[in-house]
Amino acid sequence: MLKIDRALEEYILAHCEPEEEVLAALYRETQVRIYHPRMASGHMQGMILSMLVKMIQPQRILEIGTYTGYSSISMARALPPGGELHTIEVNDELEDFIRQYVEKAGVSSLIQLHIGDALDILPTLQGPFNFVFIDGNKAQYIDYYELALPLVPKGGFIFADNVLWDGKVLKPNLRDNDHFTHGILQFNEHIKQDNRVEKVIFPFRDGIFVLRKK
Ligand SMILES: C[S@@+](CC[C@H](N)C(=O)[O-])C[C@H]1O[C@@H](n2cnc3c(N)ncnc32)[C@H](O)[C@@H]1O
């Protein structure tokens, strides 16, 4: 697998769509004002999500883990006419920030933000969602997946981010309290055994599991 170093990433970015000003501003403000800014998608991942939405043209997207809204806005702007995106974020301190940028990006009529725990909110949502992006707590991926799968029609897609977890999935002798790595390992094993979906891991960035419901 090709390792993308900084120089190659810059080369890629120089040959792709430029970042929209509102997303660049969101990213900058996330780095300066918000805890754990590494969690934000950024331009590369945003472009990939946007292109996937343009390819699949889902009418309804479900996202678990909004953070500051980079991925939500990237996907919402790529929706086909009449489409909508539901996104769930447990940290209510992020709500004002998210709403401000959703407004600035001109997608407030396309995005429904749910503030609360996805494990409580998912059972209250009505399907169908033909595009699901799982990007919440890595220790809860199996729960999100099992709650979201019934909302996905046959042929619909689920994308689960960070399933290579910075290569830690290969590390022997994990600490017992490394809940995120254990969560990712259990999720990947769960998917491997699951015949309800076709599966492939896209090896870009931190690894995205692409699942298509049979
Ligand atoms: C990696 S960040 C999401 C990044 C965002 N999707 C992006 O691409 O910019 C993970 C987010 O999931 C949220 N989260 C964690 N557990 C959650 C839960 N049970 N329900 C909803 N959101 C959760 C965290 O608060 C955090 O904001």
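The values are calculated or read from the model by the stated rules, or taken from the named source; none is laboratory data. A quick note: this is a predicted structure, and the numbers were derived from the prediction, not measured. With ideal geometry, Cβ positions are generated from the backbone for all residues, glycine too; neighbour counts draw on all protein chains shown.
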Output the residue which, of all residues in segment 71-99 that are within 12 Å of the ligand (Cβ to nearest atom) and surrounded by 24 or more Cβ atoms within 10 Å (Cβ to Cβ), is farthest from LEU26 (Cα to Cα).
LEU85
Going residue by residue through segment 115-131, is there one that turns out to be within 13 Å of the ligand (Cβ to nearest atom), in a loop (DSSP other than H, G, I, E, B) and surrounded by 16 or more Cβ atoms within 10 Å (Cβ to Cβ)?
yes
Residue check for ASP161: more than 15 Å from the chain's Cα centre (by Cα) and either within 22 Å of LEU122 (Cα to Cα) or not basic (Lys, Arg) (or both):
no
Restricting to segment 58-70, give me the number of residues that are closer than 20 Å to HIS36 by Cα and either modelled with pLDDT under 95 or more than 12 Å from the ligand (Cβ to nearest atom) (or both).
0
Would you mention how many residues in segment 141-158 are surrounded by fewer than 20 Cβ atoms within 10 Å (Cβ to Cβ) and within 12 Å of the ligand (Cβ to nearest atom)?
2
Can you tell which of ILE98, ILE73, ILE134, ILE111 is touching a helix residue (DSSP H, G or I) at 6+ places or on another chain (Cβ under 9 Å), among the hydrophobic types (A, V, I, L, M, F, W, C) and under 28 Å from HIS182 (Cα atoms)?
ILE134
